[in-house]
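Taking it in order: structure first as structure tokens, then the write-up.
The values are calculated or read from the model by the stated rules, or taken from the named source; none is laboratory data. Predicted model, so just to flag it, every value in this text is computed and none were measured. Cβ atoms come from the backbone with ideal geometry, glycine included; neighbour counts cover every protein chain shown.
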Amino acid sequence: MNSALCYRQFGIPEDVLKLELSNKNLLKEDCIRVQMLYAPINASDLIPITGAYQHRIILPQIAGYEGVGEVIEAPLTYRHLIGKRVLPLRGEGTWQRFVDSPAKYAIEVPDSIDDTIAARAYINPVAAWLMLKLYSPQGKHILVTAGGADCAKLLCKWAVNLQALFVTVICRSDNHVQFYNKYGVKNINQNDTEALKYFAAHADIVFDAVGGELAETILNHMSDSSEFVSYGLLSGTFFQPKKRLPKVHWFHIRHYLNLTSQNQWLKMFDDIWPILDANDLNIASLFEFPDWQEAIKTYRQPHRNNKPLLTFA
């Protein structure tokens, strides 16, 4: 018997998500079955439920894109994974007790990685890793928005490690100043318009997850030779570039995964595990699976410095 958070129509997640009980179907060939341990709540989990990407989503759907669990069933070729912790990715939604996912994409979790960190090793780390591969920060001025988010923290720290000339982050509050000071990252407030204009004018690359008015303000003050990378719309508002330059890049993980071989997929996590530090992510707040509404409510709190995780004990 499985329990899963499903949505059969688009709308506000708290309204359209329902906890449904059903018998799990027989395991498909070349798939593994994973008993979930933890699954985080991200913007990338909630936004599709609203219908923002309904042109590529077929209802009904199970919510959730990442998490960690233990393999309880596997085909003969992958029998060695039974009892191991894995990330069950690129298959079913992860906000359910049992997830079936393609065995070839299962990412085995190293013993040194804690469950609450492993559960968050996909969406934000992979996005940050890919963007820094595509748009090298070496010797450049980097500007990052949404400084309270895990992805922004990883972008900033890893950009420093990759020899960025200078890194500046934009935050809505001072909750994360201590973290950024530790890595020599300049922290400015989102409401400081003059500072925004100054650092936008000096940025070579901007990584933006907010969109809306903030994105337009930054774009209007960037030099024509710089680059703007949009990877999210946390404001819920689209933005329209008003001129041809600076160049705007639209980053979506799925575009790159479609071109990634199985070996490249596995190698990517081999690179990420050694640099994924628990101190670089927001503190986990755990919520029992039936308390999913409270978890989403916590996620929506302004100036939050924790990360809600569903636990399936």
- What number goes with the only condition from (1) over 30 Å from Pro102 (Cα atoms); (2) under 18 Å from the mean Cα position of the chain (by Cα); (3) among the basic types (Lys, Arg) that Lys247 does not pass? (2)
- Query: Are any of the residues in segment 17-35 under 19 Å from the mean Cα position of the chain (by Cα) and under 30 Å from Ile113 (Cβ atoms)?
  - Reply: no
- Item | In segment 136-149, residue farthest from the chain's Cα centre (by Cα) [restricted to those that are over 18 Å from Gly211 (Cβ atoms) and surrounded by fewer than 23 Cβ atoms within 10 Å (Cβ to Cβ)] | Gly139
- Taking segment 33-76 and keeping only residues that are more than 11 Å from Val99 (Cα to Cα), surrounded by fewer than 19 Cβ atoms within 10 Å (Cβ to Cβ) and touching a Lys or Arg at 6+ places or on another chain (Cβ under 7 Å), one is left with Leu59, Pro60
- Can you name the strands (runs of 3 or more DSSP E) wholly within segment 207-298 that have at least 2 residues being outside the structural domain of Arg172 (by TED's automatic domain parsing) and without any contact (Cβ under 8 Å) to a residue 40 or more places away in the chain? 283-288
- Note on the structure: Checking Lys133, Lys104, Lys157 in turn, the sole residue that is in contact (Cβ under 8 Å) with a residue 60 or more places away in the chain and in the same structural domain as Lys186 (by TED's automatic domain parsing) turns out to be Lys157
- Filter segment 150-172 for residues that are of a type in the set (Val, Ile, Thr) and touching a Lys or Arg at 6+ places or on another chain (Cβ under 9 Å); the one that is surrounded by the most Cβ atoms within 10 Å (Cβ to Cβ) is Val169
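Listed here are the residues, each with its yes/no results for (1) within 15 Å of Cys31 (Cβ to Cβ); (2) in contact (Cβ under 8 Å) with a residue 40 or more places away in the chain; (3) outside any helix (DSSP H, G or I).
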{"position": "His80", "(1), (2), (3)": "no, no, no"}
{"position": "Gly93", "(1), (2), (3)": "yes, yes, yes"}
{"position": "Asp111", "(1), (2), (3)": "no, no, yes"}
{"position": "Ala121", "(1), (2), (3)": "no, yes, yes"}
